[in-house]
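The values are calculated or read from the model by the stated rules, or taken from the named source; none is laboratory data. The shown structure was predicted, so the numbers you read here are calculated from the model rather than taken from an experiment. When we count neighbours, we look across all protein chains shown, and the Cβ atoms used for this are built from the backbone with ideal geometry, even at glycine.
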Number of protein chains: 4
Amino acid sequence: MIAVIKQGTTDKQLENLSNWLKAQGLDVHLSKGSSHTIVGLVGDTSKIDAELLESLDIVESVKRISEPFKSANRKFHPDDTVIGVGNTSVGGDIFSIIAGPCSVESEEQVMAIARAVKEAGATMLRGGAFKPRTSPYDFQGLKADGIELLLKAKAETGLPIVTEIMNANHLPLFEDVDVIQVGARNMQNFELLKELGKTKKAILLKRGLANTLKELLMSAEYIMAGGNENVILCERGIRTFETYTRNTLDLSAIPLLHELTHLPVIIDPSHATGVSRLVKPMALAAAAAGADGLMIEVHNDPAHALCDGAQSLTPDAFGEVCSSVKKVLEVID
Amino acid sequence: MIAVIKQGTTDKQLENLSNWLKAQGLDVHLSKGSSHTIVGLVGDTSKIDAELLESLDIVESVKRISEPFKSANRKFHPDDTVIGVGNTSVGGDIFSIIAGPCSVESEEQVMAIARAVKEAGATMLRGGAFKPRTSPYDFQGLKADGIELLLKAKAETGLPIVTEIMNANHLPLFEDVDVIQVGARNMQNFELLKELGKTKKAILLKRGLANTLKELLMSAEYIMAGGNENVILCERGIRTFETYTRNTLDLSAIPLLHELTHLPVIIDPSHATGVSRLVKPMALAAAAAGADGLMIEVHNDPAHALCDGAQSLTPDAFGEVCSSVKKVLEVID
Amino acid sequence: MIAVIKQGTTDKQLENLSNWLKAQGLDVHLSKGSSHTIVGLVGDTSKIDAELLESLDIVESVKRISEPFKSANRKFHPDDTVIGVGNTSVGGDIFSIIAGPCSVESEEQVMAIARAVKEAGATMLRGGAFKPRTSPYDFQGLKADGIELLLKAKAETGLPIVTEIMNANHLPLFEDVDVIQVGARNMQNFELLKELGKTKKAILLKRGLANTLKELLMSAEYIMAGGNENVILCERGIRTFETYTRNTLDLSAIPLLHELTHLPVIIDPSHATGVSRLVKPMALAAAAAGADGLMIEVHNDPAHALCDGAQSLTPDAFGEVCSSVKKVLEVID
Amino acid sequence: MIAVIKQGTTDKQLENLSNWLKAQGLDVHLSKGSSHTIVGLVGDTSKIDAELLESLDIVESVKRISEPFKSANRKFHPDDTVIGVGNTSVGGDIFSIIAGPCSVESEEQVMAIARAVKEAGATMLRGGAFKPRTSPYDFQGLKADGIELLLKAKAETGLPIVTEIMNANHLPLFEDVDVIQVGARNMQNFELLKELGKTKKAILLKRGLANTLKELLMSAEYIMAGGNENVILCERGIRTFETYTRNTLDLSAIPLLHELTHLPVIIDPSHATGVSRLVKPMALAAAAAGADGLMIEVHNDPAHALCDGAQSLTPDAFGEVCSSVKKVLEVID
């Protein structure tokens, strides 16, 4: 970490600062230039509050050289993390395909979709039981009953299940859930992240709508700092000015995150675009860019005749995506 | 609410849709144009899930005419909401000045600042006990002890206290807190909002970093739908591409929110800009634009000699802001 | 186009509005609902100024049903546009690979890179002669001399050349240039677009840093409205809050633009990411998503030993990209 | 300027870099830390291309300590710039009020508005003759005839006129125009800026929709580097995710720009919000925040009965704004 010191700073002030920094257990290297003095900090600067440091009167600016995240940092953990999930795993050489309905609505629906997506090539079943909605008047999900239905589908198909948590107090309900999803709006719900850090569950952490990859990794760090290293990162689109899509899918996040961290990276083209016609091309692009897997919304026609999802695929369309993705994976090294 | 139907939609499909909408208790008005058919929905459309409706295969697009928020809507509640807080109140003709340290650090610190800001003209005392931090390694606040210290300061100065909650399970600790703050990162932590809706506490709800005013009002609606009408809205800056400031303060939110809702609107120039030199001009601008109050960070020199806040004012500087703001308020009708 | 009329509008006002609209040559369909009156407009609404209409006192809001762009609209031109460029063409079944240096610096440099990229599989040569720079003190390009050097490289290698124009007065210098590039910062330089619309040159139009796809298509419309249909669209990354990349590459633009328009879509992963390590994965992703081609920065080692580009590839690395892209194209239908 | 060198850089590479930098006329200070080597550059670093430097293989990152703009920099020009404009001036202790119609439409219209705004307190007349429009099918302005009408209004009222230029070739038409406006979309039309730098005209430079203040100042630098120091900066709203307003007015730009530069800062609340009801509160806020003036759209009722502007005020409403602004200015020091 480097701190640029303002001109006109007295030696006394500089000494105070440097003593304070040494008290944090850091080595301090001063280099006085003709115009500016630069303080180089060596040691575990991840524990230094850069914002507080930058707020010092005598500090002009602060620059981190090493990343503020450690447990998630590939530098200290070069090998890909592979997370066992039920009868499969996520990360490394495995390509995961998580599919299912946006919301769990009924036993018939979940069962039908679970069978269909397994048949089509899904490795895990997703379904929303607790639904974060912008409006208190919108459908909030079947909650506990929804999880029950997912577990039934798991029992029959053997597919591990992925479903979202919104409140740490609900953790007991997630006992038999294989992967607990943290939604974009809760990416910086630090209290929830801390509680999940105390479990050993696989956590699928979605990037916030306007968050940077560094912030995503710091949120993963919250979970890992608690002792739970089973974190799966998920890019699901960020907010931009584009209006044809709900969000903008940031696929450069895949190679970037693979560089920065050893954690698996999953792409959700359904939520990112909000347009079913865009799911296949974005799924292929994600595979080509090196993603560790996909998370895709699938509905079963009959039950959804009415609300044939803007972002959901039919089982057949999903099947096509799976086979095309396989073809792309075969030619990517 | 208006739904534009896609060309080529069959009468049968249209009938299904219209029956489904009537089943939601809405009046349905069809108007078939040469190129498009338009479905007008009359009734309590706030309970209609526009996203689901827009996702229908036969629907080209959906447009809300009436706002999706009701309890917070000025249309149904023309008079300003005035919320009693300890020995003062927020909203209407009162101009509130909430001041205090970013974080509660020690008894001396809180007491000194509390006395200083009261002296300078503050009507409430703020202080962070639970601190949301991007990094798990940054200072997380004194937690329960911090609240104790704020209550001591309240006992001596009589200033009502405002402090942030991050976890509904902590509510018992907030028994004697006058205003419970919901931070920007928790604006869409719907589970937390629901719990706060069950209390009668005054809630200061901060706008999320990349959220629209409609989303802010929908989050207020979550609290109000639970039965708690004591919501204070706070604009604290939104994320933009500008780098000289931490965030960009959106002052047009003041007159806009006053149009849309009866809830009070407070401005936080300290967090919005992250630069103490900008706090005064932005405070004056907020007053001129019709804000119901300000939330300003103040530190007490001695204890903070080292981290003289990038965004905190000294008590003297804060005093100047208060007197200048008063002058502006006198000339604004 | 639909206009929602405010409550309390008098019949007289409504009549004035509808007469004014009819005077613009549109059919006007009124449908009075219990709460709102809706005016449906049928005809060539692309000539209606929606912003002006929305600004009317009696109009609550306006919604376009048909797109405001016509010449670029696939609805009126279902077949892909294929643009002949020198000895090759862009669009349809052809996959174009445009490669070359960021800036033309010397004859040796351009010649060496031109030979290298042709050898590696490029179909066109790019190179900056006029360079838009944020600072007036940064290198502004070799200008006319740069174009001369590109033409020499074209003469030797036969590769058509692509280079940027910043000023319509320079058009005479572009006589023998095959594709004229309009940079992101000039996407809404309407005067320049109009002048290019008077030529028959192929125009590569880059999306602005914070522009929507609709705005990109409206800028293409400016060129096409002038009579020049030879427009190639280029996505080169949009501004977001992410800091690890210079911009965020929006690959969903590929399938979306293919839906909305018949014009070819080229992806520039070099400028979008600003990081050479990300060029290959993003190039593969673009191919998988259905792009009509790529625009990639390549430098030749010796001359660039010093400024080995953050975003430029060596000829060898570029060769790998070409062969990997070919593999992906073979498995994509 | 500071460059952080990557680990594993050889002394030879470091020597090459440092020689290259010295060749640019800079003093180079190396300071080798245990983990990183830091290169400090002293001298006129504004001429150094930071992007190129950062792109070097051996450079991890680059940090500017001094601003890249010089002529516009307050450090080298502490006193406020005051620009004479016709019978008035802009900057320093003067508060300018520029008012007029969005577009010049007819002699009656311009004359009527000119008289009305002068009466109400305007110091300059604005009006659009050349109109940048997103669609080629929207009204493009009266062009040369529009300027003629503005000059007639100037002749009668004595108000200096402000109007936008879109093409440097039109400069002869602007001979008698007092202030030439550069619109947001042309803020980085560097060729236009260079041509304006060769004139002595006062230039009102509008901030781009998604540009930073640093980029705005670099564009001012383009004009000033050409020899024209008469630049007036104008904040007119930036693009954000908020939908109730057309753009978001960034009022913190006022004190920030006053710190960074000696150039005057004008605020345009009409275009920024796009909502006439918000013009007054934002105008008062701008005055309270220390703006050097306002730019406000005013229409004259009769001619505009139909398109009573979403963002335009009536002369009476404008008059109220002027008198309220005056009151605020009196209490601001």
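Condition first: within 11 Å of chain C (Cβ to nearest Cβ), in contact (Cβ under 8 Å) with a residue 40 or more places away in the chain and among the small types (Gly, Ala, Ser). Now tell me which residues in the stretch D:25-68 satisfy that.
Result: D:50, D:61.
Could you grab me the full set of residues in the stretch A:270-286 that are surrounded by fewer than 24 Cβ atoms within 10 Å (Cβ to Cβ), at the interface with chain C (Cβ under 9 Å from one of its Cβ atoms) and part of a helix (DSSP H, G or I)?
A:277, A:280
In this structure, is residue A:21 at pLDDT 80 or above, out of contact with any Asp or Glu (no Cβ under 8 Å at 6 or more places or on another chain), within 28 Å of residue A:224 (Cα to Cα) and among the aliphatic types (A, V, I, L, M)?
Values: at pLDDT 80 or above: yes; out of contact with any Asp or Glu (no Cβ under 8 Å at 6 or more places or on another chain): yes; within 28 Å of residue A:224 (Cα to Cα): yes; among the aliphatic types (A, V, I, L, M): yes.
The answer is yes for residue A:21.
Taking the stated definitions as given, is residue D:332 among the β-branched types (Val, Ile, Thr) and either buried (at least 24 other Cβ atoms within 10 Å of the Cβ) or over 25 Å from residue B:276 (Cβ atoms) (or both)?
So residue D:332 fails the test.
When the residues of the stretch D:276-314 are narrowed to those that are at pLDDT below 85 and within 26 Å of residue D:252 (Cβ to Cβ), which ends up nearest to the chain's Cα centre (by Cα)?
Filtering the stretch D:276-314 for residues that are at pLDDT below 85 and within 26 Å of residue D:252 (Cβ to Cβ), the one nearest to the chain's Cα centre (by Cα) comes out as D:311.
Which one is nearest to the chain's Cα centre (by Cα) among residues in the stretch B:240-269 that are more than 7 Å from chain D (Cβ to nearest Cβ) and polar (S, T, N, Q)?
B:261
Restricting the search to the stretch D:131-167, which residues are hydrophobic (A, V, I, L, M, F, W, C), touching a residue at least 24 places away in the same chain (Cβ under 8 Å) and surrounded by fewer than 20 Cβ atoms within 10 Å (Cβ to Cβ)? Walk me through how you get there before you give the answer.
If we filter the stretch D:131-167 for residues that are hydrophobic (A, V, I, L, M, F, W, C), which is where we start, we get D:139, D:142, D:144, D:147, D:149-151, D:153, D:155, D:159, D:161-162, D:165-166.
Next, only the ones that are touching a residue at least 24 places away in the same chain (Cβ under 8 Å) stay: D:139, D:142, D:144, D:147, D:149-151, D:153, D:159, D:161-162, D:165-166.
Correct list: D:139, D:144, D:151.
Out of everything in the stretch C:1-16 that is in contact with a strand residue (DSSP E or B) (Cβ under 7 Å, 6 or more places away or on another chain) and facing another protein chain (nearest Cβ under 9 Å), what residue ends up being farthest from residue C:225 (Cα to Cα)?
C:4
Quick check, is residue B:235 of a type in the set (Asp, Glu), touching a strand residue (DSSP E or B) at 6+ places or on another chain (Cβ under 9 Å) and in contact (Cβ under 8 Å) with a residue 12 or more places away in the chain?
Numbers: of a type in the set (Asp, Glu): yes; touching a strand residue (DSSP E or B) at 6+ places or on another chain (Cβ under 9 Å): yes; in contact (Cβ under 8 Å) with a residue 12 or more places away in the chain: yes.
For residue B:235, the condition - of a type in the set (Asp, Glu), touching a strand residue (DSSP E or B) at 6+ places or on another chain (Cβ under 9 Å) and in contact (Cβ under 8 Å) with a residue 12 or more places away in the chain - is met.
Could you check residue B:99 against (1) more than 30 Å from residue A:102 (Cα to Cα); (2) modelled with pLDDT under 85 and say which number it fails?
Condition (2) is where residue B:99 drops out.
Tell me yes or no: at least one residue of the stretch C:79-91 is out of contact with any strand residue (DSSP E or B) (no Cβ under 9 Å at 6 or more places or on another chain) and modelled with pLDDT under 95.
Let us first name the residues in the stretch C:79-91 that are out of contact with any strand residue (DSSP E or B) (no Cβ under 9 Å at 6 or more places or on another chain), namely C:79-80, C:87.
Adding the requirement that they be modelled with pLDDT under 95 leaves C:87.
Looking through the stretch C:79-91, at least one residue is out of contact with any strand residue (DSSP E or B) (no Cβ under 9 Å at 6 or more places or on another chain) and modelled with pLDDT under 95.
For the stretch D:69-107, enumerate the residues that are within 30 Å of residue A:2 (Cα to Cα) and crowded, with 22+ Cβ neighbours inside 10 Å.
The answer is D:69, D:71, D:72.
Could you grab me the full set of residues in the stretch C:8-18 that are free of Cβ contacts under 8 Å to residues at least 40 places away in the same chain and over 16 Å from residue C:44 (Cα atoms)? Let's see the steps before the verdict.
In the first step, residues of the stretch C:8-18 are kept if they are free of Cβ contacts under 8 Å to residues at least 40 places away in the same chain; the result is C:8, C:10-12, C:15-16, C:18.
C:8, C:10, C:11, C:12, C:15, C:16, listed by residue number.
Among the listed residues C:133, C:126, C:115, which satisfies the condition of being of a type in the set (D, E, K, R), within 23 Å of residue D:188 (Cα to Cα) and more than 14 Å from chain D (Cβ to nearest Cβ)? Let's see the steps before the verdict.
Details: C:133 fails: more than 14 Å from chain D (Cβ to nearest Cβ); C:115 fails: within 23 Å of residue D:188 (Cα to Cα).
Result of the check over C:133, C:126, C:115: C:126.
Hey, can you tell me all the residues within the stretch D:60-69 that are within 19 Å of residue C:136 (Cβ to Cβ) and modelled with pLDDT under 90? Before you say what the answer is, go through the steps one by one.
Looking only at the stretch D:60-69, we keep the residues that are within 19 Å of residue C:136 (Cβ to Cβ), and these are D:64, D:66-69.
Those that are within 19 Å of residue C:136 (Cβ to Cβ) and modelled with pLDDT under 90: D:64, D:66, D:67, D:68.
To keep it simple, each residue is scored yes or no on (1) part of a loop (DSSP other than H, G, I, E, B); (2) among the polar types (S, T, N, Q); (3) more than 36 Å from the chain's Cα centre (by Cα).
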site: D:4; (1), (2), (3): no, no, no
site: D:9; (1), (2), (3): yes, yes, yes
site: D:14; (1), (2), (3): no, no, yes
site: D:21; (1), (2), (3): no, no, no
site: D:25; (1), (2), (3): yes, no, no
site: D:53; (1), (2), (3): no, no, no
site: D:57; (1), (2), (3): yes, no, yes
site: D:60; (1), (2), (3): no, no, no
site: D:67; (1), (2), (3): yes, no, no
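Kindly check whether there is at least one residue in the stretch D:299-312 that is crowded, with 23+ Cβ neighbours inside 10 Å, away from chain C (no Cβ under 12 Å) and either closer than 26 Å to residue B:324 by Cβ or not polar (S, T, N, Q) (or both).
No, the conditions are met nowhere in the stretch D:299-312.
Return a yes/no flag: does the stretch D:247-267 have any residue that is at pLDDT below 95 and in contact with a strand residue (DSSP E or B) (Cβ under 9 Å, 6 or more places away or on another chain).
No, there is no match, as no residue in the stretch D:247-267 is at pLDDT below 95 and in contact with a strand residue (DSSP E or B) (Cβ under 9 Å, 6 or more places away or on another chain).
Can you pull out the residues in the stretch D:171-230 that are under 23 Å from residue C:187 (Cβ atoms), touching a residue at least 40 places away in the same chain (Cβ under 8 Å) and surrounded by fewer than 21 Cβ atoms within 10 Å (Cβ to Cβ)?
D:214, the sole residue that qualifies.
Check whether at least one residue in the stretch C:43-59 is at pLDDT 90 or above and over 23 Å from residue C:220 (Cβ atoms), and report yes or no. Outline the logic, then answer.
Taking the stretch C:43-59 as the starting set, the residues that turn out to be at pLDDT 90 or above are none.
No: zero hits.
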